[in-house]
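This report concerns only the one structure given below.
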Amino acid sequence: MDNKKTVLVLGAGLVVRPIVHYLSEKGYKVVVASRTLEKAEQIAAGSSAVTRACDVETEQGKAVLEELIPTADAVVSMLPYLLHPYAAKRALAHSKHFLTTSYVRY
């Protein structure tokens with residue numbers, strides 16, 4: 001049985017790669033879910049992380065998110081700030097820890 005904690009990372013922007021690689025190196029199972037699967041794969045390259053396509057602005061992506069969240073111990077949202085509330089509500093609905101950075105560009 002796999003006792004590793006699972007972290008679901010949403011997004012594949014500039015700061016995601018260090019998070020994914022750090023968590024993977026520390027023994028966490030990491031799932032990177034991004035609108036663009038190719039970006040997620042580039043982020044995960046060289047780590048043990050797995051990738052999934054998931055555009056939370058579409059019904060299909062929301063269904064994927066509902067599949068992924070229950071399997072995670074924690075959700076890290078690196079999505080655009082306008083999408084944090086949706087991701088947070090879904091994580092909390094499944095009683096999962098939720099972490100994010102929130103910033104506004106001026």
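Within region 7-16, the set of residues being surrounded by fewer than 18 Cβ atoms within 10 Å (Cβ to Cβ) and either at pLDDT 95 or above or closer than 13 Å to residue 33 by Cα (or both) comprises just one member, 13. Looking across region 37-85 at every residue that is of a type outside the set (A, V, I, L, M), at pLDDT below 95 and within 13 Å of the chain's Cα centre (by Cα), the one that is farthest from residue 6 (Cα to Cα) is identified as 80. In this structure, residue 51 qualifies as among the hydroxyl-bearing types (Ser, Thr, Tyr) and in contact with an Asp or Glu (Cβ under 6 Å, 6 or more places away or on another chain). Restricting attention to region 25-49, which residues are closer than 12 Å to residue 10 by Cα, without any contact (Cβ under 8 Å) to a residue 40 or more places away in the chain and not basic (Lys, Arg)? Within region 25-49, 30, 32, 33, 34, 36, 37, 40, 43 meet the criteria.
Rundown of residues vs (1) of a type in the set (S, T, N, Q); (2) surrounded by 15 or more Cβ atoms within 10 Å (Cβ to Cβ); (3) assigned to a loop (DSSP other than H, G, I, E, B), yes/no style:
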{"residue": "4", "(1), (2), (3)": "no, no, yes"}
{"residue": "18", "(1), (2), (3)": "no, no, no"}
{"residue": "21", "(1), (2), (3)": "no, yes, no"}
{"residue": "27", "(1), (2), (3)": "no, no, yes"}
{"residue": "52", "(1), (2), (3)": "no, yes, no"}
{"residue": "68", "(1), (2), (3)": "no, yes, no"}
{"residue": "90", "(1), (2), (3)": "no, yes, no"}
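The values are calculated or read from the model by the stated rules, or taken from the named source; none is laboratory data. Everything numeric here is computed off the predicted structure, so don't read it as measured data. We place every Cβ from the backbone using ideal geometry, glycine too, and count neighbours over all the protein chains shown.
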